[in-house]
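**Student:** Pasting a structure here, questions to come.
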Amino acid sequence: MVKSLKISKIYVDRDICIGAAPCVTVAPGVFQMDDENKAYVVDEKAADAETILLAAQSCPVQAIFIYDEDGKQVYPDV
């Protein structure tokens with residue numbers, strides 16, 4: 001699935017985010033932490049789909065949502 005995955009949108013739900021920051025560790029070009037210690041998307045194109053998916057999967061509270069080019073949520077599973 002990852003090889004053919006084309007990500008069109010990455011959304012961080014700030015109400016869920018607890019500031020653990022593994023997403024920043026896995027994909028620092030894509031995610032950063034703000035002054036409230038919440039993750040946000042810096043550049044959706046800064047990493048490949050596999051790395052972005054791994055970063056989302058590393059979130060302990062599943063605050064990162066990934067959507068494909070058709071607008072379908074691909075992570076977390078619905």
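**Student:** Would you list the strands (runs of 3 or more DSSP E) that sit entirely within segment 30-78 and hold 3 or more residues that are farther than 13 Å from ARG14 by Cα and in contact (Cβ under 8 Å) with a residue 24 or more places away in the chain?
**Tutor:** Working: elements: 31-33, 39-41, 64-68, 73-75.
The strands (runs of 3 or more DSSP E) meeting that bar are 64-68.
**Student:** Of all residues in segment 31-58, which are crowded, with 19+ Cβ neighbours inside 10 Å and touching a helix residue (DSSP H, G or I) at 6+ places or on another chain (Cβ under 6 Å)? Quick ask: steps written out before the conclusion?
**Tutor:** If we filter segment 31-58 for residues that are crowded, with 19+ Cβ neighbours inside 10 Å, which is where we start, we get 31, 39, 47, 52-53, 55-56.
Once the filter is applied, which keeps residues that are crowded, with 19+ Cβ neighbours inside 10 Å and touching a helix residue (DSSP H, G or I) at 6+ places or on another chain (Cβ under 6 Å), segment 31-58 yields PHE31, ALA39, ALA55.
**Student:** Looking only at segment 16-29, which residues are in contact (Cβ under 8 Å) with a residue 40 or more places away in the chain and either aromatic (Phe, Trp, Tyr) or part of a loop (DSSP other than H, G, I, E, B) (or both)?
**Tutor:** Those that are in contact (Cβ under 8 Å) with a residue 40 or more places away in the chain and either aromatic (Phe, Trp, Tyr) or part of a loop (DSSP other than H, G, I, E, B) (or both): ILE16, CYS17, ILE18, ALA20.
**Student:** Given the structure, is ILE10 assigned to a loop (DSSP other than H, G, I, E, B), free of Cβ contacts under 8 Å to residues at least 60 places away in the same chain and hydrophobic (A, V, I, L, M, F, W, C)?
**Tutor:** Working: assigned to a loop (DSSP other than H, G, I, E, B): no; free of Cβ contacts under 8 Å to residues at least 60 places away in the same chain: yes; hydrophobic (A, V, I, L, M, F, W, C): yes.
In short, no.
Rule-based calculations on the coordinates, nothing more; no lab input. Owing to the predicted nature of the structure, the values given are computational and were not obtained by experimental measurement. Note that each Cβ is placed from the backbone with ideal geometry, even for glycine, and that neighbours are counted across all protein chains shown.
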